[in-house]
1. What pairs can you find where one residue is in region 42-64 and at pLDDT 90 or above, the other is open to solvent by 40 Å² or more (accessible area, probe 1.4 Å) and outside any loop (DSSP other than H, G, I, E, B), and their Cβ atoms are less than 6 Å apart, with a gap of 6+ or different chains?
2. With the structure loaded, tell me whether SER116 is at pLDDT below 95, in contact with a helix residue (DSSP H, G or I) (Cβ under 9 Å, 6 or more places away or on another chain) and outside any helix (DSSP H, G or I) or whether it fails that test.
3. State whether one or more residues within region 290-302 are open to solvent by less than 30 Å² (accessible area, probe 1.4 Å), charged (D, E, K, R) and free of Cβ contacts under 8 Å to residues at least 60 places away in the same chain.
4. If only one of SER276, SER238, SER242 is polar (S, T, N, Q) and without any contact (Cβ under 8 Å) to a residue 40 or more places away in the chain, which one is it?
5. Of the residues that sit in region 303-329 and are open to solvent by 40 Å² or more (accessible area, probe 1.4 Å) and in contact (Cβ under 8 Å) with a residue 40 or more places away in the chain, which one is farthest from the chain's Cα centre (by Cα)?
6. Tell me the helices (runs of 4 or more DSSP H) entirely within region 3-67 that contain at least 1 residues that are under 25 Å from ILE144 (Cα atoms).
7. Do you know which residues across region 74-103 are open to solvent by less than 40 Å² (accessible area, probe 1.4 Å), of a type outside the set (A, V, I, L, M, F, W, C) and assigned to a helix (DSSP H, G or I)?
8. Just name the residue that is nearest to ALA128 (Cα to Cα) out of those in region 143-202 that are free of Cβ contacts under 8 Å to residues at least 60 places away in the same chain and basic (Lys, Arg).
Amino acid sequence: MLNWTENELKELHAHITTKEITQQPELWQETLAIFKANEDKLMAFLKQLDDVSGKGKTRVIFTGAGTSAYVGDVLRPHLIRYGNTQKYQFEAIPTTDILSSPYSYFKEDEPTLLVSFARSGNSPESVATIELADKIINNVQHLIITCAAEGKLAVNATGDDQSYVVLMPERSNDQGFAMTGSFSCMTLTGLLAFDTVNKNHDELVSSMVDLGRQAIELEDQIASLLENDFDRVVYLGSGSLSGLTREAQLKLLELTAGKITTVFDSSLGFRHGPKSFVDSKTLVFGFISNDEYTKQYDVDILEEIKINDIAIKAVGVLQNDSTYSGEQLVLSNSIVLPDGFLALPFVMVGQIISLLTAIKVGNKPDTPSPTGTVNRVVQGVTVHELP
């Protein structure tokens, strides 16, 4: 299906989403070029807040709504390990949490860098969260990573010396309902900007591109798995890959309009109740870490589910190899990616699963909401005045 003609895909209302999934490896190369063009100015911008913070730490809050919030869930574990934690306190807080209870998250006297991720830049929660930060926090700067130059976030930041905008590749502004390239490009930018250890950017992105192209080649194996009679899917992972499970399950939920029920959890957390979700019509996918210690826990839960014989399949998604004895979706490259970077080829696997499943259940991937009550840019939000 991923190699079908545009006309064939149009008949399924899937041509936009399919193209936007498969073009991501190219977009990652464009994203790296964009980062390199912005790097010096961006680092100078970040230094402004360092000067205000002095010897104290700056709160770096990754925020966004929906999929854009999950960018921070992938970044935070990675950057606690590989970022400058002497200077920054990395946090991931959705705008949907901040807007409804701003004093639970913003502190007046704590210097803060609010990193806003947004595809369109028009979500009312994202626009309002920036305004609240300016009202509540004495020393706040805004790094806006968005896919739309004409969006409110980018436009409102024009001429503001306390804001810096990094625009993603034009094609990352997904025109389909689901966020695909927007998610992976914004995540990659966050990794490139704040990871102070893995600086071999050309090598890392080259490996990502190769693995992403291999993900596309896994279509037949994925399609074979999806021939099973299932109505539930579980995604599991650890660290940054635990953050990725949120995005993987959301894509499946969105593109099937809820016809497939989804659950996500950490590899260790799943035993503590959520495992009850698994039945004889469940597919389980486990994202296996490249960290030698962590991957043991990822494999353990998959082996347990396999031995329990409670699911149709428990499938490992991994780079190169693992000790897991069950079915595996394998991407191979000699450059072993840290998990934050690995999440992006892995999310393509999840996106392909979602696309093929949407077709299986008779849904339209490009416009998956049959009632029109769930929209590409959220509607119906009333932003109330803060006293």
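1. So the pair list comes out as LYS57/GLN89; ARG59/GLN89.
2. no
3. yes
4. Within the list SER276, SER238, SER242, the selection yields SER276.
5. It comes out as ILE312.
6. It comes to 15-22, 24-53.
7. Of everything in region 74-103, those that are open to solvent by less than 40 Å² (accessible area, probe 1.4 Å), of a type outside the set (A, V, I, L, M, F, W, C) and assigned to a helix (DSSP H, G or I) turn out to be HIS78, THR95, PRO102.
8. Here the residue is LYS152.
The values are calculated or read from the model by the stated rules, or taken from the named source; none is laboratory data. Computed from a prediction, not measured in an experiment: that's the story for all the values here. Because the Cβ atoms are built from the backbone with ideal geometry, glycine has one as well, and the counts that use them run over all protein chains shown. Quick note on the areas: whole protein, heavy atoms, side chains included, nothing else; ligands and nucleic acids left out. Shrake-Rupley method; radii C 1.70, N 1.55, O 1.52, S 1.80 Å.
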